[in-house]
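The values are calculated or read from the model by the stated rules, or taken from the named source; none is laboratory data. Just so it is clear, the structure is predicted and the values come from calculations on it, not from any experiment. As a convention, Cβ positions derive from the backbone with ideal geometry for all residues, glycine included, and neighbour counts pool all protein chains shown.
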Protein chains: 2
Amino acid sequence: MRKPEIREKILEFIRHSLDERGYAPTVRDILKGCNLSSTSVVQHHLNTLEKEGRIHRDPQVVRSIQLIKKDVVEVPLLGTIAAGKPIPVPGSDTWTTPPDETLKLTTDMIGNKSNTYALKIKGTSMLDALIDDGDIVLMEAVPTAENGQMVAVWLKDEQEVTLKKIYREPGRIRLQPANKQMKPIYVKPQNIEVQGKVVAVLRRLGR
Amino acid sequence: MRKPEIREKILEFIRHSLDERGYAPTVRDILKGCNLSSTSVVQHHLNTLEKEGRIHRDPQVVRSIQLIKKDVVEVPLLGTIAAGKPIPVPGSDTWTTPPDETLKLTTDMIGNKSNTYALKIKGTSMLDALIDDGDIVLMEAVPTAENGQMVAVWLKDEQEVTLKKIYREPGRIRLQPANKQMKPIYVKPQNIEVQGKVVAVLRRLGR
DNA sequence: ATTTATAGTTAACGGATGTTCTATAGAACA
DNA sequence: TGTTCTATAGAACATCCGTTAACTATAAAT
């Protein structure tokens, strides 16, 4: 019988230890904490966990166990977004040079996604999306978007980028402002280009 | 001669170690890393740093050094905010019972403040502040607010709470919506009660 | 039924590590 | 001048800890 439960228990214990005490447990800490009977049992499970990529250890180093799951993510601030300008989409050239600035965020905010980036809003052209000058939007680089999703849309005819909720309707696409008091606009499918999904909006005030 | 520089160097080394490797250095790591010559020198400085409250160690525990400064802050989500309802202000009764939910945020977002709390917006009554239904506002519990600051204001006559930028003018107070296209309202000073300062606005989409 | 992989036990080695003791030197201070 | 505080140096100690080896036990696979 495979016994993953004991390894879950060990992981939980490590998590607890990191959380409560601030540093990782030793093999013998785990031994006692999980009611195991031998250090080599612990060693065995730790080896397995490391093979599974769930923890990382530095050989011979006391208390070097780390959980792989990340709590804090650094999101690159790739540029600004303004009316009449396509938004910077992470391309090969954008990734090669490291971004000038990064934002530290918790996975609470974005869902552990790796393809998330941030853009700073310039100007008040996004007011209908309830987004102010200086706000920061977290974008996820996705090829497609589901109905109802808030997306960054490039309007080819108007040469303009806008943030709207997208709804595909027969023969047309409805772009609905976040502000429900405002009316939607309708565009031809071939007139738009979805440039990314809006994951979150951040507004920092009074600094 | 006092030598705080070497302790700053040690702190920096600890920070670097925690950052790069994920766990704290040993006394001998610091010895080599800071070009010191004896473990007892390191011990001495660590004792001093601990007395100064800048680090914490567990006696006899390897790699237990922790920096006191916090990077991730848990902000209590104290309740909801809606028109016609005073916002929950952290009082004695609110703090005694732990909040149902907390938000993990980095000090990037809020400035290491301890008196910060979060409120969830219910309804669209804050649209003029560019704040949507479901948005989360981070409030700082402060007694006074400076001019131009975005604050939560309780309007006594109207029995309503609103988020506006506050400007004290002779004989009246101007409450300016964040949306610059909208006109300010003017109120008598005795008609308002500042309930807190808005530190940030968070909007999480598509989950 | 036999083999194989996983899990557990016991014991021990050797090195890493926190701590302590003693001694020295310079600066501040009264 | 003597005292005290801080910083430094070297050495030594006892313990903690990661690792390994040899062996047994059990479940799964063939």
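For residue B:168, only one of the following conditions fails: (1) in a loop (DSSP other than H, G, I, E, B); (2) more than 22 Å from residue A:203 (Cα to Cα). What is its number?
Condition (1) is where residue B:168 drops out.
If you scan segment B:178-207, which residues turn out to be within 14 Å of another protein chain (Cβ to nearest Cβ), touching a residue at least 12 places away in the same chain (Cβ under 8 Å) and in a loop (DSSP other than H, G, I, E, B)?
B:178, B:179, B:182
Run residue A:132 past the list (1) modelled with pLDDT of 85 or more; (2) more than 10 Å from chain B (Cβ to nearest Cβ); (3) over 14 Å from residue A:199 (Cα atoms) and report the number of the one that doesn't hold.
Every condition holds for residue A:132 apart from (2).
Does residue B:175 fit the bill of being modelled with pLDDT of 85 or more, at the interface with chain A (Cβ under 9 Å from one of its Cβ atoms) and crowded, with 16+ Cβ neighbours inside 10 Å?
no
Among what's in segment A:20-35 and is outside any helix (DSSP H, G or I), farther than 10 Å from residue A:65 by Cβ and within 13 Å of DNA strand C (Cβ to nearest atom), pick the residue that is nearest to the other protein chains (Cβ to nearest Cβ).
A:34
Got a number for residues in segment A:49-68 being closer than 15 Å to residue A:13 by Cβ and outside any loop (DSSP other than H, G, I, E, B)?
Qualifying residue count, segment A:49-68: 4.
Pull up segment A:31-50, narrow it to residues that are hydrophobic (A, V, I, L, M, F, W, C) and within 8 Å of DNA strand D (Cβ to nearest atom), then point me to the one that is surrounded by the fewest Cβ atoms within 10 Å (Cβ to Cβ). Show your work before the answer.
Let us first name the residues in segment A:31-50 that are hydrophobic (A, V, I, L, M, F, W, C), namely A:31, A:34, A:36, A:41-42, A:46, A:49.
From the residues that got through so far, the ones that are within 8 Å of DNA strand D (Cβ to nearest atom) too are A:42, A:46.
Numbers: A:42: 23, A:46: 19.
The extreme case among them is A:46.
Can you tell me which residue is farthest from DNA strand C (Cβ to nearest atom) among those in segment A:48-71 that are more than 21 Å from residue B:65 (Cβ to Cβ) and touching a Lys or Arg at 6+ places or on another chain (Cβ under 9 Å)?
This residue is A:69.
Which residues, taken from segment A:103-123, are within 19 Å of residue B:135 (Cα to Cα) and in a loop (DSSP other than H, G, I, E, B)?
A:107, A:108, A:109, A:110, A:111
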